[in-house]
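Take a look at the structure below.
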Amino acid sequence: MGCVLPHLLQLGRYFLDMLHSCFLRWTKPLSTSLPLGTLTDLSRSKPELIAENALLRQQLIILRRQVKRPACNKADRTLLILLARLVRNWKQALLIVQPDTLLRWHRELFRLVWKRRSKAASHTPKVAPETVALIREMATKNRLWGAVLMDNMNDRWRRIIPAAQVMKESDD
């Protein structure tokens, strides 16, 4: 029994080393030889190649700025995000930015766009002034009714004015 355990441990280490080497081989990027790269580029469409070239060119523009560590401004970020959408292997085409950083920028841009789209177009009240005056008059004359009863008083109100609006107007 004493001599079996070291052999099992050695076998386990050998298995882990094999698994590690296979994992490294599977995750290693493809060799970037010129003939192999040319053959893979032949199978890609012209718009995709143009988009990848534009993505690489934009990264060169950022790097050519006369500073030690160039920072990407909002326009650079937006352009990199839009160009990366058009390239199938965009993670390999990124050289100066990590893919996680680009994904974070994309999420921030997405939030910003939808925040602006969901804002109200104007801050003018959507309820007509005559209706507001009628609600206030009914609220002063009938203090015991409450907003829900006033909301249910008129069929037209149920379709146009939400209960929260009636409560707000009747509280004033």
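The values are calculated or read from the model by the stated rules, or taken from the named source; none is laboratory data. Just so it is clear, the structure is predicted and the values come from calculations on it, not from any experiment. As a convention, Cβ positions derive from the backbone with ideal geometry for all residues, glycine included, and neighbour counts pool all protein chains shown.
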With at pLDDT 85 or above and part of a helix (DSSP H, G or I) as the only criterion, which of Arg136, Arg77, Arg158 stands out? Arg77
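Residues checked against (1) among the acidic types (Asp, Glu); (2) touching a Phe, Trp or Tyr at 6+ places or on another chain (Cβ under 8 Å); (3) assigned to a loop (DSSP other than H, G, I, E, B):
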site: Gly37; (1), (2), (3): no, no, no
site: Arg44; (1), (2), (3): no, no, yes
site: Ile62; (1), (2), (3): no, no, no
site: Val67; (1), (2), (3): no, no, yes
site: Leu82; (1), (2), (3): no, no, no
site: Leu95; (1), (2), (3): no, no, yes
site: Trp105; (1), (2), (3): no, no, no
site: Glu108; (1), (2), (3): yes, no, no
site: Arg116; (1), (2), (3): no, no, no
Checking Thr40 against (1) at pLDDT 85 or above; (2) surrounded by 11 or more Cβ atoms within 10 Å (Cβ to Cβ); (3) not aromatic (Phe, Trp, Tyr): exactly one of these is not met. Which one? (1)
